[in-house]
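Notes to accompany the following structure.
Only the coordinates and a few stated rules stand behind these numbers; no lab work does. In this text the structure is predicted, and so the values were computed from the model without any measurement. In this analysis, Cβ positions are derived from the backbone assuming ideal geometry, glycine residues included, and neighbour counts consider all displayed protein chains.
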Amino acid sequence: MLLKSCKTTSELIDKQQLTPLSIKEKLQLQAHKALCKTCSAYESQSKTIDNLIIKWFGNSKLNKIEKLSDQKKEAIINKINKV
């Protein structure tokens, strides 16, 4: 499905700040934003906030993306499934 929900699109907007999107994700993002001014505004605001955080607090923490262990990921998934 090419057009995604605003929730999924906002997740892609946030994801692209941390990691490159796949071609499919890029197409989905662009298609949705072409029709949804709210998500376009969200992307602009998100980029502004990220830039301000970098300006105020430095970029040191953003460059050190920590990865969760598989055990921690599984624990989170289990807690989510219990809700």
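For this structure, a couple of remarks:
- Residues of segment 30-60 satisfying the condition of being out of contact with any Ser or Thr (no Cβ under 6 Å at 6 or more places or on another chain), touching a residue at least 12 places away in the same chain (Cβ under 8 Å) and of a type outside the set (Ser, Thr, Tyr): Ala31, Leu35, Cys36, Glu43, Lys47, Asp50
- Selection within segment 2-27 - charged (D, E, K, R) and in a loop (DSSP other than H, G, I, E, B): Lys4
- Selection of segment 1-30 for residues being more than 16 Å from Thr48 (Cα to Cα), of a type outside the set (S, T, N, Q) and buried (at least 16 other Cβ atoms within 10 Å of the Cβ) yields Lys4, Leu12, Glu25, Leu29.
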